[in-house]
Amino acid sequence: CVDTLSTPPNNMFLRSALLVAAVAAPAAAFAPSSVGGLQLRSQQSAMISAAPSLRAPSTVSSLQMATLGEKYGHLRGADVEPCDKAVRRFYELFAKPVPFVFRTATNEILYMSHLDIVNARFEMDILWGLGFYSTYDLFFAALDEDVRQNLFKSLAGALKLDKDEIKGDAEKVLEWAKGKTEADVVKAINGEDDSEIGKALAKAKSNPDFLYTRNFGAGLIKLMQVVGVEPNSESSRRWAEAFGFGSKTSALTGMSMSKFEADVGIFLSSVEKMQEVMQLYADVEAREKKKVAEKLAEKAAKAAEEAGAQAELAQ
């Protein structure tokens, strides 16, 4: 998806770009408050820095292909909305340029989520909603609240989603997870929880046509954190095994991991970089505001001085 509608950044963002461009683009690899930030530790960094290279393309057996063909063959040739239309809708709704350092992340979230929604196997569930909302909430935390709210409304509108429903889904999962442990989540995955969230977790394991997506993975990562599990290579493997997510072996490294394990690494790496971007963005904004304040104060002092001189002449 290409942002064809945004206007060139003004001088402030050109200066910002010089400081943040080196880290802004890598930070959007996942895109990727009230949903909370991630607490990164050094031992995670070693694992997550290598994760993108371990990601192997997903493959489907000939038997699975035949089964999918039988179920979804009737959709062959159906019109599927291209991603650029969702991007265009977003900029029409947002009605202003996205701050330069957040533009790539915005397009990435739109692109990734749009491809989820148009997939024939996709079923909207409460954990996907949590992943979508928590990714937005985390990656745009540095923006002013009014801008953040408008951006979320525009993202949801561009994807033809109900923003209140998405946020409500996120809040439901977080409320359900309060006071629970990893063991409680595993019980839910195994069908031992009759709540809405428990059923969603169990369905992800029992449904043979379940479509794993990065937004769903982001929801699991947030759920991990709320129940006191640190997202890393060991914990992500445990959860992947609990769901029965299949592993793929990298031809490059010979290492085997599931999509969720790889996404944990990608997500944490992206968050670490985005935190650097947001700090730099905040620093630049503070300096720019200080310069503007100093210029206004200088103009005010000069005007007062001129007014005093004119008053003396009048006397």
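The values are calculated or read from the model by the stated rules, or taken from the named source; none is laboratory data. Since this is a predicted model, take the numbers as computed values, not measurements. When we count neighbours, we look across all protein chains shown, and the Cβ atoms used for this are built from the backbone with ideal geometry, even at glycine. Accessible surface areas use protein heavy atoms only, side chains included; no ligands, DNA or RNA. Shrake-Rupley method; radii C 1.70, N 1.55, O 1.52, S 1.80 Å.
Could you check segment 109-181 for helices (runs of 4 or more DSSP H) lying wholly inside it with 2 or more residues that are open to solvent by 30 Å² or more (accessible area, probe 1.4 Å) and modelled with pLDDT of 95 or more? First the steps, then the outcome.
Values: elements: 126-139, 145-158, 163-177.
Correct list: 145-158, 163-177.
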### Task
Check residue 253 against each of (1) surrounded by 23 or more Cβ atoms within 10 Å (Cβ to Cβ); (2) modelled with pLDDT under 90 and name the one condition it does not meet.
(1)
### Flag for residue 94 being open to solvent by less than 20 Å² (accessible area, probe 1.4 Å) and more than 16 Å from the chain's Cα centre (by Cα)
yes
### Task
Return the only residue of 122, 140, 132 being touching a Gly at 6+ places or on another chain (Cβ under 9 Å) and under 27 Å from residue 81 (Cα atoms).
132
### Summary
Listed by first then second residue, the pairs whose first member lies in segment 254-267 and is under 10 Å from residue 233 (Cα atoms), whose partner is at pLDDT 90 or above and part of a strand (DSSP E or B), with beta carbons under 8 Å and at least 6 positions apart or on separate chains, are none
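Residue by residue through segment 142-161, note down the ones that are more than 30 Å from residue 279 (Cα to Cα) and either basic (Lys, Arg) or more than 17 Å from the chain's Cα centre (by Cα) (or both). Give the steps one after another, and end with the answer.
So in segment 142-161, the residues more than 30 Å from residue 279 (Cα to Cα) come out as 160-161.
Matches in segment 142-161: 160 only.
Are any residues in segment 106-125 over 16 Å from the mean Cα position of the chain (by Cα) and closer than 23 Å to residue 176 by Cβ, and if so, which ones?
Here is the first cut: in segment 106-125, the residues over 16 Å from the mean Cα position of the chain (by Cα) are 118-125.
Passing the criteria: 122, 123, 124, 125.
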### Task
Would you point out which residue out of 103, 88 is of a type in the set (D, E, K, R), modelled with pLDDT of 90 or more and either under 14 Å from residue 213 (Cα atoms) or not in a loop (DSSP other than H, G, I, E, B) (or both)?
88
